[in-house]
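Before any comments, here is the structure.
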Amino acid sequence: MYQVTVENNGIEETISTSNNSSKKILSGSINRELNAIDRFTFALSIHNKAWASIKPLISIIRVKNKVTGKNEFTGRVLEPSREMTSDGKFFKTLTCEGELSYLNDSVQRHGEYRNITPKEFFKIMIDAHNKQVTPDKRFELGVVDVTNSTDNVYRYLTYENTFKSIMDKLVGRLGGYISIRYENGKRYLDYLKSSGKQSEMPIKLAQNMKSIKEEVKPSELITRLIPLGESLESKDENATDASQARLDIKSVNNGKDYIDDEALIKEFGIIEGTQIWDDVTKPSNLKTKGDDFLKNQRIVKQIDVTALNLALINLKYEDFSLGNYFKTDNAVLNISDNFQLFAQQINLFDVASSSLTFGEKKITLSQYQAQNNKDKKQILEYGQKIKNQQKELSKVKTQLSETEKKIEETKQEVVVLGDAVNSSKLEFETAVANINKMLDEIGESLPSDETMGELIQSMNDFKTFEKNQLLINTATINKLDEQEKRIKALEDKGGSN
């Protein structure tokens with residue numbers, strides 16, 4: 001199902017495939033997450049020909065899904081380790097990191113940038129990276145559609161690696177997603193405000209959902225916000241810029257540098273936090289931004305799902321693609337919403353155990369409270385349903401006991417009828433018809449529930465008994481008929497003498 005290859009100096013060879021038992025790794029697992037570096041960990045035995053050829057930071061590892069044709073991982077070997085087990089087996093474990101890790105190989109230089117667009121700032125960092133690394137680690141500037149309210153930013157760079165700089169100076173402040181895209185043999189780095197699409201394939205209980213776990217994360221919540229604006233120059237000539245003061249809202253907020261969200265404080269208590277807007281130069285504008293931040297703040301919900309990837313069975317089903325949105329439905333846990341797939345773990349040898357992490361779904365406080373009230377109501381409803389089902393089950397058990405008693409009485413009637421079969425054939429057939437009618441009435445009085453399985457089996461046993469008894473009685477009647485004919489013949493013969 002999965003093919004693993006290693007490339008050294010432009011030469012690629014297969015080290016694991018499901019079609020060849022001699023070319024197999026011992027285990028393999030891929031971990032992917034939005035705005036994070038992919039990781040692939042696998043183990044191979046000393047008998048695999050790639051044992052000595054894989055080189056840290058040099059060898060390129062690729063994993064391809066042979067069913068969907070999708071490339072699941074491309075990256076370099078980062079951490080190899082060798083081991084011998086107590087039973088004398090030798091194997092090597094290798095941890096690999098995806099191509100985004102190349103951005104860790106370059107360092108940005110100090111600089112201040114004013115009135116430039118996010119795309120221009122992104123290009124500055126990509127260009128600086130490309131100048132420092134070899135061609136195999138470079139990126140083409142891809143699509144950038146992330147903006148801010150004025151489509152310009154004030155940013156400064158320090159001596160941090162490029163990946164951290166991008167995540168801190170752009171993604172962490174403006175949002176969006178960075179991703180690698182290949183086109184015409186070139187590797188592009190995109191910076192997009194949205195990722196993925198709405199999937200038409202739901203994840204539902206009793207269909208493709210194996211397990212689900214929901215988490216609510218109020219730990220990232222801020223109930224008392226300290227808004228901060230542009231950096232302020234110190235009046236102390238000997239001061240350094242290591243820790244500069246920033247514009248605050250004291251002058252427009254009755255001397256307080258913070259804003260409270262009373263509803264959130266009532267629900268969760270006081271949780272202080274800060275937000276920085278480097279391009280804000282007026283206290284009034286800063287307060288407005290702070291108010292908007294608190295009003296639009298969300299509580300994070302996240303769900304972990306283990307689901308069957310039906311695309312591995314039939315290509316008519318959709319694959320689980322990172323960034324896509326999936327309708328996730330579990331009526332018992334009262335979960336029914338669209339969630340974005342932002343992390344997944346793929347087990348190459350046990351696809352059924354591969355897991356998905358959806359979120360982070362952000363909800364308002366009112367939505368959170370409404371969800372809690374709905375959950376409480378549903379718990380009460382389920383409790384009442386259980387009580388009703390227990391009462392119904394008690395009734396069914398009583399009916400079952402009474403019905404079994406009637407069946408036993410009916411069996412005895414059939415036996416007695418068999419003993420008295422010489423009364424007449426017509427009486428016997430009429431009695432059997434009456435018994436069948438009574439059994440039908442008994443069956444109609446019972447609820448059609450799985451709990452009646454035992455009763456149905458008893459009725460089936462009785463019908464078998466009835467059939468066998470009918471055969472016996474029929475044979476008996478036939479014998480009596482023959483005896484009557486013989487007696488009559490004898491009587492006729494005697495009379496003729």
Can you give the relative contact order of region 33-178 as a percent, counting alpha carbon pairs under 8 Å and 6+ residues apart?
-> 24
Please state, as a whole number in µm²/s, the translational diffusion coefficient that the Stokes-Einstein equation yields for region 16-80 at 10 °C and 1.306 mPa s, with Rh defined as the Kirkwood radius across alpha carbon pairs.
-> 122
Which FRET efficiency, nearest 0.05, do Lys405 and Gln275 yield, Cβ-Cβ r, R0 51 Å?
-> 0.10
Based on the mean of other Cβ atoms within 10 Å per residue, sort peptides 323-330, 244-251 so the most packed one is first.
-> 323-330, 244-251
Cα gyration tensor shape of region 112-198, rounded if a/c is under 1.5, else prolate or oblate by comparing a/b with b/c = oblate
Using a 1.4 Å probe over the heavy atoms of the protein chains, calculate the carbon and sulfur portion of the accessible area of region 35-134 as a whole percent.
-> 51
Just how large is the dipole of region 1-129 about the Cα centre, in debye to the nearest 20, putting +1 at every Lys and Arg Cβ and -1 at every Asp and Glu Cβ?
-> 320
Kirkwood Rh, Cα Rg: Rg to Rh for region 67-224?
-> 1.07
Among Lys266/Lys327; Lys250/Lys282; Lys24/Lys92; Lys119/Lys287; Lys49/Lys137; Lys70/Lys197, the pairs whose Cα-Cα distance exceeds 21 Å are Lys266/Lys327; Lys119/Lys287; Lys49/Lys137
Charge tally in the Cβ shell below 12 Å around Thr223, where Lys, Arg are +1 and Asp, Glu are -1, Thr223 excluded = -4
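List the trypsin sites (Lys or Arg not before Pro) within region 1-68 that fall in a DSSP loop (any state other than H, G, I, E or B) and whose Cβ has at most 13 other Cβ atoms within 10 Å.
Of the trypsin sites (Lys or Arg not before Pro), the ones in loops of region 1-68 whose Cβ has at most 13 other Cβ atoms within 10 Å are Lys49, Lys66.
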Can you tell me the order of 275-287, 95-107 when each peptide is scored by its average per-residue count of other Cβ atoms within 10 angstrom, highest first?
-> 95-107, 275-287
Distance (nanometres) between label positions extended 7 Å along Cα→Cβ at Asp105 and Ala52 | 2.6
If every Lys and Arg gets +1 and every Asp and Glu gets -1 at its Cβ, then about the Cα centre region 1-61 yields a dipole, in debye to the nearest 20, of 180
Find out how many positive minus negative residues lie around Ile124, taking Lys and Arg as positive, Asp and Glu as negative, among other residues whose Cβ is under 13 Å from that of Ile124.
-> +4
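The values are calculated or read from the model by the stated rules, or taken from the named source; none is laboratory data. Everything quoted here is computed from the prediction, not taken from an experiment. Methodologically, a virtual Cβ is constructed for each residue, glycine included, from the backbone with ideal geometry; neighbour enumeration extends over all protein chains shown. Heavy atoms of the whole protein, side chains included, go into the accessibility calculation; ligands, DNA and RNA do not. Shrake-Rupley method; radii C 1.70, N 1.55, O 1.52, S 1.80 Å.
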